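Remarks on the structure that follows.
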Amino acid sequence: MSSPTSPASADATEIAAHYSTDTTQQPLLDRLLAALAGDGVDPQRPTIATLAPYDQFHGRGLDATRDMADQLAAHIRAGHHLLDIGCGIGGPARYFAQRFGCRVTGIDLTPEFCAVARALGELVQGTLAANGDVALPEVTFELGNALAMPFAGASFDGAYSMNVSMNIADKAAFYRDIHRVLRPGGWLMLSEIARGHADAAPPDFPTPWASTATGSFLATADETRDGLVQAGFEVVELRSTRAQALEFAALSRAAVARGELPPHRSVRLVHGDIGPLATTNSARALADGRIEPIEVFARRG
Ligand SMILES: C[S@@+](CC[C@H](N)C(=O)[O-])C[C@H]1O[C@@H](n2cnc3c(N)ncnc32)[C@H](O)[C@@H]1O
């Protein structure tokens, strides 16, 4: 189990290794730029839209980020400072910054992801400048552990986290540190893969979030709600997004059957050859109810 004060604890290392390029592959940034070129896009001039199949590394990709942003629109003002916990390679952070004109800080424990997130940020800013478009507000990416974040208390107006807590054993520490860094009254939106029910068997591995069972820590929806309340949050809404996930999976299969690329290609990009099996395993666990995607909107008390 992770220690909140020890970002280099054994399971943090295992989690980072799961997401990092192994020695048999080209570095992630090179593979991503090659994928853009394959899509007919100038890899040196990417946009938020052309990156979306790759840099939104969670179920339903940009659709899920857009849905979440729609729900948060009433709570976000230009100039707010948002925290993206487990930011990956930065797709959601850039989307929120552009859509709302707010500053976004991302934190992630995988060094390669932070480096790629920064590189993509620079490339996107270059594209905006070349097109005479408005630059993104400040979007920064910090290497660190969500259990012991290097931020002062009450630093953020709002925080979100997409498909991250499945890697976190100590959920109480996770919720506690988010509560600490939010300003009083600040909001939290979690988009997670929950355990389908208390007796649900685990998914088969690999999944997109864990190579083996030792890196996967799924909580049920009820456990998530209780944990947040214990940390001092008011849970305003908790909903299942299972129907949306099933619909997205069906649309993806139909695209592939037509000979098109699937709309969401980040799992394959990050995980290479095990990507298709990881996606199949999580689709099967979703279909039979062992896992359930949920969204939770909460307020810091
Ligand atoms: C499935 S990816 C999601 C990335 C990003 N949220 C997105 O949706 O594009 C999960 C991310 O969580 C990060 N992560 C897992 N445990 C973490 C922790 N304890 N602290 C910070 N980041 C963590 C991983 O490094 C990985 O980037």
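The values are calculated or read from the model by the stated rules, or taken from the named source; none is laboratory data. These numbers come from a predicted model, not from an experiment. As a convention, Cβ positions derive from the backbone with ideal geometry for all residues, glycine included, and neighbour counts pool all protein chains shown.
Numbers at a glance
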item	result
Within the range 102-139, tally of residues that are more than 14 Å from the chain's Cα centre (by Cα), of a type in the set (Ser, Thr, Tyr) and within 15 Å of the ligand (Cβ to nearest atom)	0
Single match in Ala117, Ala159, Ala129, Ala152 (criterion: among the hydrophobic types (A, V, I, L, M, F, W, C) and in contact with a Cys (Cβ under 8 Å, 6 or more places away or on another chain))	Ala117
Condition met for Phe297 (under 30 Å from Pro27 (Cβ atoms) and at pLDDT 95 or above)	no
Residue that is within 12 Å of the ligand (Cβ to nearest atom) and in contact with a Pro (Cβ under 6 Å, 6 or more places away or on another chain), where the choices are Asn167, Asn145	Asn145
Asp39 being closer than 28 Å to Ala250 by Cβ and within 15 Å of the ligand (Cβ to nearest atom)	no
Failed item in (1) within 8 Å of the ligand (Cβ to nearest atom); (2) of a type in the set (Asp, Glu); (3) more than 12 Å from the chain's Cα centre (by Cα), with Asp63 passing the rest	(1)
Ala34 being within 20 Å of Gly126 (Cβ to Cβ), touching a Pro at 6+ places or on another chain (Cβ under 8 Å) and buried (at least 20 other Cβ atoms within 10 Å of the Cβ)	no
Test for Ala148: is it surrounded by fewer than 20 Cβ atoms within 10 Å (Cβ to Cβ) and without any contact (Cβ under 8 Å) to a residue 24 or more places away in the chain	no
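A quick yes/no check of all residues on (1) modelled with pLDDT under 95; (2) in contact with a Phe, Trp or Tyr (Cβ under 7 Å, 6 or more places away or on another chain); (3) small (Gly, Ala, Ser):
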position	(1), (2), (3)
Val104	no, yes, no
Ala129	no, no, yes
Val139	no, no, no
Ser161	no, no, yes
Ala173	no, no, yes
Gly185	no, no, yes
